[in-house]
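The structure under discussion appears below in the form of C-alpha cells.
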Amino acid sequence: MRVHLIAVGGAAMHNLAIALHQKGFNVTGSDDVIYEPSKSRLAKYGLLPVEMGWDEDRITSDIDVIILGMHARVDNPELIKAQEIGLKIYSYPAYIYEQSKEKIRVVIGGSHGKTTITSMILHVLNYHQKEFDYLVGAQLAGFETMVKLTDTAPIMVIEGDEYLASPIDRRPKFHLYQANIAVISGIAWDHINVFPTFENYIAQFSKFIDTITPKGKLIYCELDEELRKAVAQSTADVVKIPYGVPAHEVVNGITYLLPQHVALNVFGDHNLMNLNAAKNVCAQLGINEDGFNAAISSFAGAAKRLELISAKDQTNVYKDFAHSPSKLKATIKAVKSQFTDRKLVAFMELHTFSSLNKDFLKEYKGCMNDADIAIVYIDAKTFEQKKMQPLTEQDIKQAFEDDRLLYFDNQQELLTYLTSLNYQQTNLLMMSSGTYAGLDLHQLANQLKTN
C-alpha cells in the first residue's frame, strides 16, 4: 500500500505517517514547513521530505491513497493533481475510520477532558495487557507515538475533537468515526471561527450522537446542563450512560477514591469526572471496578494537563493545557480545592483566535475569581500575526469582570513580576495552549522565592 500525506508535519499527521510506516505501508509526505518535534520524529523513521514545499510531480498514479492534512489549502498543487488523476483522497479522521471500521471504536468527544479521558483508558488497557489501537492528542509516557494502527487489535480508542476534518471536508472530525462506544465530557463554546454561535456549536454534538452505531453506548457527563439537554432531546438508538463526580476525599493533599480508598496521582473534580468517564468505558470493554482501580492508581496524568513542574516546601508549580473559559475555571478550582491552606497565583496566556476575539472574550467572566492573584498575558505580536484588532488592558478586565486582574503584554515585565513574589505556602499555576510567553518554566520554578 502506497500512501502520500499532504501537510505531513502536523501533530496528528506526522504520527499517522509513522503509524502507517510501522504497519508496513510505503509512506511519503510533503509540507511547506515542518517544526520540532515532528521534524526529528519523521527523520528518525526516514519519512522526512528531502525538500520542503509542494511539488505536483510527487503525485503519481501508483499512489493508492492521499491523506490531506488541515494545514493544506484547497489550492494546494499536490491536492489539485491528485484530484485531476482521480486518486482516493481522505482526511486523516476519514482514513482512521477506514483503518478501524472492523474494530470496536471508542470515541472520546467533548469541549474539555478528551486527552485525559483517552489517556486514562489507554493506561488501564495497557496495564491489563489488552491489545488495542489508538489515536490521542498528546504524547503519552510509555507510548512511542500518538497513533497506533494494526491489523489484529480488536479495539481502537480515538480522541475525537470537533474541529474540521480537512480543507475539503468541513465536517467535524468526530462525526467521521461512527463510534460503537462514545463519550461526551461536556459542551463549552469554542472554535468561534468555525462555529460562530453557541447554538451552532451545540448542534455538532447532537450530530455526533446521531453518528453512534445503532445500539451503541453513549457515556456522558450528567452534570453539564447543555449536554444533558442535548442527550435528552436525542432520538438516536443508543444506550445512554450518565456519570458525575465519584465519591472521594482529600487527605493531606492526596485524593482518594471511595469506598476502596484508592490513592490517586490526579486531583480536582474535572479529573475525577474524567476518571469516571474512563471507568465507564473500561467497564464496556470488560474491565471491572477492581481491575480499573488497580490500574488507575498509577496513572500520573496526561502531558501538560496539571503537570507538576516543581514541588518544594509548601510550593507547587503546575502547567496546564488550558485556554477556554471552562478549562480555566475548572483547573483553578482544582488546585484551590486540593490545597486549601495555600494561596494560588494563576497565570494564563490568551493566544487562540477565539480567546482574542472581543465578542467571545466576555465568556471569560469570573473564571479566574478563585485565584488569589490572577494574571493574563498576551504577546503583543499575536494580534499582528493573526491580523486582529488589539485588545486593551481595560478590555481584558471588563471581560473577566475582575479589577484585581493583572495584565502583561511584555515577557520581561511578566517574568520580573512573577519572580518578585513570595511563594511561601503558595502555588503557581500556568495555563496556556501556547508557549507560556516563551518562558523556561523549569528555570522559572527554580527562581521563585519560597521564604
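The numbers here are math on the coordinates, done by the rules we state, and not lab data. Keep in mind that this is a model prediction, so the values were computed, not measured. So basically every Cβ, Gly included, is an ideal-geometry build from the backbone, and we count neighbours across all protein chains shown.
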What nm value, rounded to one decimal, do you get for the distance between residue 51 and residue 39 when each label is placed 7 Å out toward the C-beta?
-> 1.9
From the residues 28, 311, 3, which one has its Cα farthest along the dipole of the chain in the positive direction, the dipole being from +1 and -1 charges on Cβ of Lys/Arg and Asp/Glu about the Cα centre?
-> 311
Anisotropy class of the stretch 2-86 from Cα gyration tensor, a/c 1.5 cut = oblate
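So between residue 384 and residue 64, what do we pick up on full extension, going 0.36 nm a residue minus the alpha carbon distance?
Working: separation 320, 0.36 × 320 = 115.20 nm, distance 4.13 nm.
Additional length available on full extension: 111.1 nm.
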So, in Å, what gap is there between the alpha-carbon centers of the stretch 82-117 and the stretch 1-66?
-> 17
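What pairs from 88/304; 279/362; 44/329; 336/365 go past 30 Å between their alpha carbons?
Distance filter (> 30 Å) returns 88/304; 279/362; 44/329.
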Hits among aspartates and glutamates - C-alpha to C-alpha of residue 381 under 16 Å, sequence gap 8 or more where chains match | 349, 393, 409, 413
Using +1 at the Cβ of each Lys and Arg and -1 at the Cβ of each Asp and Glu in the stretch 95-296, identify which of 273, 196, 167 lies farthest towards the dipole's positive end.
-> 167
Backbone N under 20 Å from the residue 294 label point (7 Å along Cα→Cβ), restricted to the stretch 263-277 | 263-265, 276
Indicate, rounded to the nearest 5 percent, the antiparallel portion of the DSSP beta bridges found entirely in the chain.
-> 20
Calculated FRET value between residue 2 and residue 358, using beta carbons and R₀ = 56 Å, to 0.05 = 0.70
Inter-label distance for residue 233 and residue 308, nm, one decimal - labels placed 7 Å from Cα along Cα-to-Cβ | 4.3
When 136, 251, 65, 231 are arranged by how many other beta-carbons sit within 10 Å of their Cβ, fewest first, they go 251, 65, 231, 136
Run through all the Cα pairs of the chain and give the fraction in each 20 Å bin from 0, expressed as whole percent.
-> 24, 57, 20, 0
Counting Lys +1, Arg +1, Asp -1, Glu -1, what net charge surrounds residue 411 among other residues with beta carbon under 14 Å of its beta carbon?
-> -4
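Under 8 Å for C-alpha pairs, at least 6 residues apart: give me the relative contact order for the chain, rounded to a whole percent. Let's see the in-between values first.
Details: 889 pairs, mean separation 50.6, N = 451.
11 percent.
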Highest-first arrangement of 46-54, 89-97, where packing means the average Cβ count within 10 Å | 89-97, 46-54
Sorted on mean Cβ neighbours within 10 Å (highest first), peptides 330-340, 252-262, 123-133 come out as 330-340, 123-133, 252-262
Please sort by residue number the trypsin sites (Lys or Arg not before Pro) in the stretch 1-81 whose DSSP state is loop and whose Cβ has at most 16 other Cβ atoms within 10 Å.
-> 23, 73
Between rounded, prolate and oblate, where does the stretch 313-440 land on the alpha carbon gyration tensor, with a ≥ b ≥ c its root eigenvalues, rounded for a/c under 1.5, else prolate if a/b exceeds b/c?
-> prolate
If we count every other residue with Cβ under 12 angstrom of residue 242's Cβ, Lys/Arg +1 and Asp/Glu -1, where does the sum land?
-> +1
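What is the sum of charges, Lys and Arg at +1 and Asp and Glu at -1, for the other residues whose Cβ falls under 15 Å from the Cβ of residue 261? Please report the intermediate quantities before stating the final value.
Values: positive: none; negative: 249, 289, 290.
Computed value for this residue: -3.
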With +1 on each Lys and Arg Cβ and -1 on each Asp and Glu Cβ, how big is the dipole of the chain about its Cα centre, in debye rounded to the nearest 20?
-> 660
With the dipole of the stretch 294-407 worked out from charges on the C-beta (+1 for Lys and Arg, -1 for Asp and Glu) around the Cα centre, which of 302, 326, 405 lies farthest toward the positive end?
-> 302
Using label points projected 7 Å from each Cα along Cα→Cβ, tell me how many nm separate residue 163 and residue 251, to one decimal.
-> 4.3
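Please give the contour-minus-distance gain from residue 419 to residue 446: 0.36 nm per residue of separation, less the Cα-Cα distance, rounded to one decimal in nm.
8.7 nm
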For residue 309, distant residues with modelled amide H under 5 Å away = 317, 318, 319
In units of 2.2 N^0.38 Å, the Cα radius of gyration of the stretch 95-296 is 1.00
